[in-house]
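K.L.:
Pasting a structure below so you can have a look.
The values are calculated or read from the model by the stated rules, or taken from the named source; none is laboratory data. Because the structure is predicted, anything quoted here is derived from the model rather than measured. Ideal geometry is used to build each Cβ from the backbone, glycine not excepted, and the neighbour counts take in all protein chains shown. Only protein heavy atoms, including side chains, enter the accessible area calculation; ligands, DNA and RNA are left aside. Shrake-Rupley method; radii C 1.70, N 1.55, O 1.52, S 1.80 Å.
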Amino acid sequence: EILLLQSGPDVSFASCGMPYFIGGEITDRNQMSVQTPGSLRARLNIDVRVNTRVTKINTETKTITAIDETDPTSSKTLTATYDHLVIAVGAEPMKPPIPGIDRPGLFALRNLQEMDAIVEWIEKIPDECTTCHGNGVNGEDDTKKHAVIAGAGFVGLEMMEQLMRR
């Protein structure tokens with residue numbers, strides 16, 4: 001028996017495809033979800049709980065405690081026992097402690113909700129650069145939009161390519 005607890009709403013998604021959705025090359029958001037709790041149950045008999053955050057691990061009694069965050073007004077908890085425990089919580093992007101790091105328009109790209117936020121931001125920004133104020137930057141045309149991508153890994157490079165498409 002396998003119990004899979006996922007703090008977010010998605011259990012499996014095409015992370016390398018997120019830039020392509022942002023760029024408009026992938027147009028159907030449903031294509032971003034690779035597996036669902038239902039498909040994992042049907043295919044592999046795995047009990048998947050999304051929006052469920054583990055809050056305590058007791059290694060002596062081999063139990064975990066988790067909060068079901070599906071309904072924010074509820075404080076429903078789950079306690080489960082285990083024989084073997086795998087902790088696969090992923091990572092958070094490093095946000096340096098600098099002024100303005102939490103201002104609107106700064107994004108990480110780790111999940112579908114962040115992908116959606118980037119698409120929403122891009123769709124609402126004006127067609128002309130709001131930074132140049134008619135002066136251009138380094139002699140550039142001020143009708144161009146500007147972006148900076150911090151990170152030249154696979155997803156960062158794909159993001160660069162897809163922002164060029166937009």
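K.L.:
Go through segment 44-83 and report how many residues are farther than 21 Å from SER12 by Cβ and either within 21 Å of the chain's Cα centre (by Cα) or acidic (Asp, Glu) (or both).
P.N.:
6
K.L.:
Return a yes/no flag: does segment 41-50 have any residue that is surrounded by 13 or more Cβ atoms within 10 Å (Cβ to Cβ), out of contact with any Leu (no Cβ under 7 Å at 6 or more places or on another chain) and under 13 Å from ASN111 (Cβ atoms).
P.N.:
Within segment 41-50 (the criterion being surrounded by 13 or more Cβ atoms within 10 Å (Cβ to Cβ), out of contact with any Leu (no Cβ under 7 Å at 6 or more places or on another chain) and under 13 Å from ASN111 (Cβ atoms)), the answer is yes, since at least one residue qualifies.
K.L.:
Could I ask something else about it? Given the criterion open to solvent by 60 Å² or more (accessible area, probe 1.4 Å), more than 27 Å from VAL34 (Cα to Cα), modelled with pLDDT of 95 or more and touching a Lys or Arg at 6+ places or on another chain (Cβ under 9 Å), identify the matching residue among ASP83, ASP102, ASP127.
P.N.:
ASP83
K.L.:
Tell me, yes or no, whether segment 52-60 has at least one residue that is under 15 Å from VAL89 (Cα atoms), in contact (Cβ under 8 Å) with a residue 12 or more places away in the chain and touching a helix residue (DSSP H, G or I) at 6+ places or on another chain (Cβ under 8 Å).
P.N.:
no
K.L.:
Which condition number in (1) open to solvent by 40 Å² or more (accessible area, probe 1.4 Å); (2) part of a strand (DSSP E or B); (3) of a type outside the set (Gly, Ala, Ser) is the one that ILE64 fails?
P.N.:
Failing condition for ILE64: (1).
K.L.:
Kindly list, by first and then second residue, each pair from a residue in segment 17-45 that is over 26 Å from LEU5 (Cα atoms) and free of Cβ contacts under 8 Å to residues at least 24 places away in the same chain to a residue that is of a type in the set (Ser, Thr, Tyr) and open to solvent by less than 80 Å² (accessible area, probe 1.4 Å), limited to pairs with Cβ atoms under 8 Å and residues at least 6 apart or on different chains.
P.N.:
ILE26/TYR20
K.L.:
Now for a separate question. In segment 84-106, which residues are over 17 Å from the mean Cα position of the chain (by Cα) and closer than 22 Å to VAL11 by Cα? Can you show your working first?
P.N.:
Residues of segment 84-106 over 17 Å from the mean Cα position of the chain (by Cα): 84-87, 96-101, 103.
Across segment 84-106, the qualifying residues are HIS84, LEU85, VAL86, ILE87.
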